[in-house]
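What follows is a short report on a single structure.
The values are calculated or read from the model by the stated rules, or taken from the named source; none is laboratory data. Predicted, not measured: the structure shown is a model, and the values here were computed from it. Cβ placement follows ideal geometry from the backbone for every residue including glycine, while neighbour counts extend to all protein chains displayed. Keep in mind that these areas ignore ligands, DNA and RNA; they rest on the heavy atoms of the full protein, side chains included. Shrake-Rupley method; radii C 1.70, N 1.55, O 1.52, S 1.80 Å.
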Amino acid sequence: MLCPVLVLGYALSCTTLRVVGITTRSVVQLNLPTHVFNLDEALEARFKIGDFMVRKYCVGLAIVLTASSGLSAHEGHQPLPSKGVQVDTERGYITLSSQARSAIGLQTEAVAVGAVTSTLFAYAETVAPWQSKAYGSAQISGRITKLLVRPGDSVAKDQVVAELSSRELEILKLEYLQAKNDSGLNKQLLEMARPSAQAGAVPMQRLLDLENTYLQSENRIEIALIRARTLGVDPAVLEKSENNAIYHQIRSPIAGKVIHSDLSEGKFVDAAEHLFEIVNNDDTWVRLQVLEKDVFKVSIGQRVELEFADVAAKVAGTIDRMDAGLESKTQVSRAWVTISHPAVVPGLVGSATIFLTSQNDRMAVPLRSVYSDGLQSYVFVEEASTKSSAEYKKRNVTIGNRRLGSSSLASPSSTNPTSTNPYAEIVQGDVYPGDRVVVKGGHELSSLFFLGVLKLSEAERTRLGIVTAYAAIRPIADVIPLAAAVTLPPENRSVASSQLAGTIRSHTLSPGREVRTGELLMEIASSEFYALQLDLLKTSLDAKLSRLRARRLEEVKNDAFSRRVLLEILSQAEQLEDRIESLKQQLISLGLFGSEVDAIIMTKRIYDYLPIRAQIDGRLISWSGTLGQTIIANQALVEIQNLSSLWIEAYVPTKMIDALSAASHGQASVLSNPEIQFPVSVSRIGPVVSETTRTKLIWLTLDTGAGPTPFQLRDRMQLSVLIKSTNSQKALAVPLNAVLRDGLHSFVFVQKPDDYLERRRVTIGRSDGEFVEIIHGVVVGEAVVSAGGRELQTAFASLR
């Protein structure tokens, strides 16, 4: 016997047989007998959608309640009807006739299997690698005599691109030729005087003076040859240039293409002037802007897919470096990708998809096939299908955050790409490859189920991470809310610079690179550095010559010589040796090791470039130079930070200082990502009050073994801190996370007997960052949900 008809709020257009005005509702299983729904005659229906009234003649979907005891079974279910809708709410089965399926436009797609990923979007821009961009410059002033390349030409590393003549080179050549002539003459005079001195016809002191003069001219020759090398002149060329002009050769610091040149034949250029620019596009760096809140998700080795407005194809890469700090103006961190692609050149802008996690051979369903009642997510799986009717099963699933890649789509019947209709990973659920799930019409099917009460099973509690705590009387301390920022101790920050002006000739720098104390960072070509080394070498040669002359005088016997001469020579040797020690210390203070300074004297060779070394262990934060760039003395070039330890700085109003002590504790959270929380403690309190803000500076440290490691935080990262004061009072309290907000009101979920949950409004008072005072709404001993409450709020919104 048929029960009275209950007309649902559905309207099916008689022309399109499409459902309009359907309100999507959530699903629940009711403890009711099986309900059988049949499609009945067309009815007139009126629907109000927002403020808009839709009125049409349409086919009404009626619910006819009937007993099922007399119906024959089909594999344990009701038989497939030829028309209408049949619903088994207890077991989650829905049977639709072909007419019903057509009416709601029901469509299905197959479950896919493939590689799933979780992704993050970031803006991208391409820049030239630090080693792939350089300026060319001359080491001395002069006039351009020959140009060998033009803008657009390709050049090799150290290739000569221009030559110049210089007055300085001519003076050097003259000094070399004079020293060479003097050496030849003094050698002849020495050889002529040696027999006479041995026979006693010439005083031995005269022979020693000639020997000293000869050795001094030899030293001048050696110094001239060394100076020629510093100016880029081959010593062999200098020896052959007695009757020919010599030229300074300007060379390319790197291999690449000349993109700019200020050279022209006959032009006079100054020393270290930037004359041309070279870029190498074999590799290009892509700089990704990672928001502060996403810094904790991104790491080296993650795959990246890049798209640029001026490049047709997508380009894939891998994050190979991460900045250790935040950009001062934008508060973003930067991740770096190295690309070798002919179309990817410096200057492009675009977007990047960072693949945070990836796993192969995972099942996924179209995201639009997933529905939820607040407690459970579910899909409708096609169990059986004939020409006249089909049966669908409501199956609970747990959906992950990862999505199926478009290249992994294993659904031959699907014509929609995953970029527009993404597939979501199934973490848990009774769904298998080959199943077909409803992707269109599922909202209408969901409305046949509804959530009546908020009652959780043990499995649902585990899935939602539900944790309860008891309301109790406990001390609640007053808290001081503070805005804070991460900073580094002074010993964990270093800025590398050159104490002398010069030109950057080489470096080994890249963003975020780990460095060790004493590691070579860059080399500087500096005329002052050359002059200092030459001075050391000349002084050491002169000191050695003075000591030799004094020893020879002391060895002279039966020959009259002035004792005063010997003392003067010994005094001169001591002064030269003192000067040597001073020059050594100057070179060590510039960055040379003691062994390197000694090698200058022993090998009679100077270093071509001034080394700049790391002063601390850490990671490179910034670099403000370019190969071939002229720099001034003490110009900051590289910043290094050591993140092994850090401070947190905050300013406290003076009226609250008395409530703090060096042992005060609190809770800090990252301002851009409040889910990241960690305990902190006050380590020091500043001694003075700011005249402008009337606050005191305090320093906090991370409590050991809690929260993120220092390497996960970044310098200048903004924090929110709650510090407990020394004042506290007892009150009825619950964990802070148990209290949720709904507009202007606060509420908690109270655990009732038989697994029921009650949403109850409460009035709250003070909070110390861990617990909050309950003034009204909860009594002592009641259990409240302290974790998982936000998921329960979603479920509560689905109750009817």
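Computed quantities for the displayed model
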item: Probe 1.4 Å - accessible area at Trp699, Å² to nearest ten; result: 40
item: Percent carbon-and-sulfur accessible area, the range 648-779, ignoring ligands, DNA and RNA, probe 1.4 Å; result: 52
item: Amide H contacts of Glu273 (H built 1.01 Å from N, under 5 Å, at least 5 apart or other chain); result: Ala138
item: Note, ³J(HN,Hα) from phi for the range 733-744, Karplus 6.51, -1.76, 1.60, rounded to Hz, x at Gly and Pro; result: 9, 10, x, 4, 5, 6, 8, 10, 10, 9, x, 8
item: With all protein chains modelled, accessible area of Lys180 [1.4 Å, Å²]; result: 90
item: 3J(HN,Hα) from dihedral phi, the range 350-355, Karplus parametrisation 6.51/-1.76/1.60, rounded to Hz, x for glycine, proline; result: x, 10, 9, 10, 8, 8
item: Interchain or long-range residues, amide H under 5 Å from Gly518's placed H; result: Ala614, Gln615, Ile616
item: Cut-off under 5 Å, modelled amide H: who pairs with Trp647 long-range; result: Thr487, Leu488
item: Using a Förster distance of 22 Å, the FRET efficiency for Glu458-Leu736 (Cβ separation, nearest 0.05); result: 0.25
item: Spatially proximal lysines relative to Lys187 (Cα-Cα < 26 Å; intrachain offsets below 8 disregarded); result: Lys173, Lys240, Lys538, Lys544, Lys557, Lys604
item: Under Karplus coefficients 6.51, -1.76 and 1.60, residue-wise ³J(HN,Hα) of the range 182-192 in Hz, glycine/proline x; result: 4, 4, x, 5, 5, 5, 5, 4, 5, 5, 5
item: Sulfur and carbon atoms: percent of accessible area, the range 140-253 [1.4 Å]; result: 49
item: Glu758 accessible area, 1.4 Å probe, all protein chains in place, Å² to nearest 10; result: 70
